[in-house]
1. Out of everything in region 95-123 that is modelled with pLDDT under 95 and of a type in the set (Val, Ile, Thr), what residue ends up being nearest to the chain's Cα centre (by Cα)?
2. Looking at region 72-94, can you tell me whether even one residue there is modelled with pLDDT under 95, within 17 Å of Arg108 (Cα to Cα) and either polar (S, T, N, Q) or outside any loop (DSSP other than H, G, I, E, B) (or both)?
3. Pairs needed: first member in region 83-104, acidic (Asp, Glu); second member anywhere, part of a helix (DSSP H, G or I) and modelled with pLDDT of 95 or more; C-beta distance under 7 Å; at least 6 residues apart or different chains.
4. Within the group Gln47, Gln40, which residue is under 25 Å from Leu120 (Cα atoms), surrounded by 13 or more Cβ atoms within 10 Å (Cβ to Cβ) and modelled with pLDDT under 95?
5. Only one residue in Glu113, Glu136 is touching a helix residue (DSSP H, G or I) at 6+ places or on another chain (Cβ under 9 Å), part of a helix (DSSP H, G or I) and more than 24 Å from Pro36 (Cβ to Cβ), so which one is that?
6. Every residue in region 74-103 that is closer than 14 Å to Gln39 by Cβ and of a type outside the set (A, V, I, L, M, F, W, C), please.
7. Just to verify a result, which residue in region 58-71, among those that are without any contact (Cβ under 8 Å) to a residue 60 or more places away in the chain and in a helix (DSSP H, G or I), is nearest to Gln94 (Cα to Cα)?
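The values are calculated or read from the model by the stated rules, or taken from the named source; none is laboratory data. A quick note: this is a predicted structure, and the numbers were derived from the prediction, not measured. Backbone-built Cβ (ideal geometry, glycine too); neighbour counts: all protein chains shown.
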Amino acid sequence: IVMIHSHPTRAAGSGESGSHEGPALPIVLDPAQPEPFYQQIVDQVRQLVLTGRLPPGFALPSVRVLASQLGTSVMTTRRAYDELERAGLIVTRQGTGSFVASLGPEERRRHLEAYALGVLGETVERLLATGLSGDELRRLLETVLEKKAGAGWARPESRPPSSRSREEGGA
């Protein structure tokens, strides 16, 4: 499997006049995956935004620079940025560049739930295709959640305030 990924040293000093280079994004494109490259970019940027690894206002590399960093076409990265903008995860200002959008708690929660449903849906579909039943998958999911909770992974304080009750003062 050939992995194509951004590398911090590839963007540095490219000398592209007038471009917004920004730091290289930690994106890995895998040609062996069924998803096209633009979708892999969308999915990974979405995850980076929703996990806070790319904070609101973070300046993204220009379409041309990201295409160069990833070894893809400008059309591929433009399509990814367009989709991210339509989803409300980034904003593009003519002549300035593209930036991570500022999401309110409810909007962030809506994006997180949509992302989770997509990931879970794809995973469930693949696992059902192996012959596992819905009941078996529920049991396995519970097992995974219990193990993660036991490892301190699922902490209530990590939930956004919108998911806590008003009585707890989280709204």
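1. The selected residue is Val119.
2. The answer is no, given that none of the residues of region 72-94 is modelled with pLDDT under 95, within 17 Å of Arg108 (Cα to Cα) and either polar (S, T, N, Q) or outside any loop (DSSP other than H, G, I, E, B) (or both).
3. Glu83/Val42
4. Details: Gln40 fails: modelled with pLDDT under 95.
Gln47 is the lone residue from the list that is under 25 Å from Leu120 (Cα atoms), surrounded by 13 or more Cβ atoms within 10 Å (Cβ to Cβ) and modelled with pLDDT under 95.
5. Glu136
6. Hits for region 74-103 are Thr76, Thr77, Arg78, Arg79, Tyr81, Asp82, Glu83, Arg86.
7. So the first thing to find is which residues in region 58-71 are without any contact (Cβ under 8 Å) to a residue 60 or more places away in the chain, and the list is 58-65, 67-68.
Next, from what is left, pick out any that are in a helix (DSSP H, G or I): 63-65, 67-68.
Details: Val63: 12, Arg64: 14, Val65: 16, Ala67: 18, Ser68: 20 Å.
Looking at residues that are without any contact (Cβ under 8 Å) to a residue 60 or more places away in the chain and in a helix (DSSP H, G or I), I get Val63.
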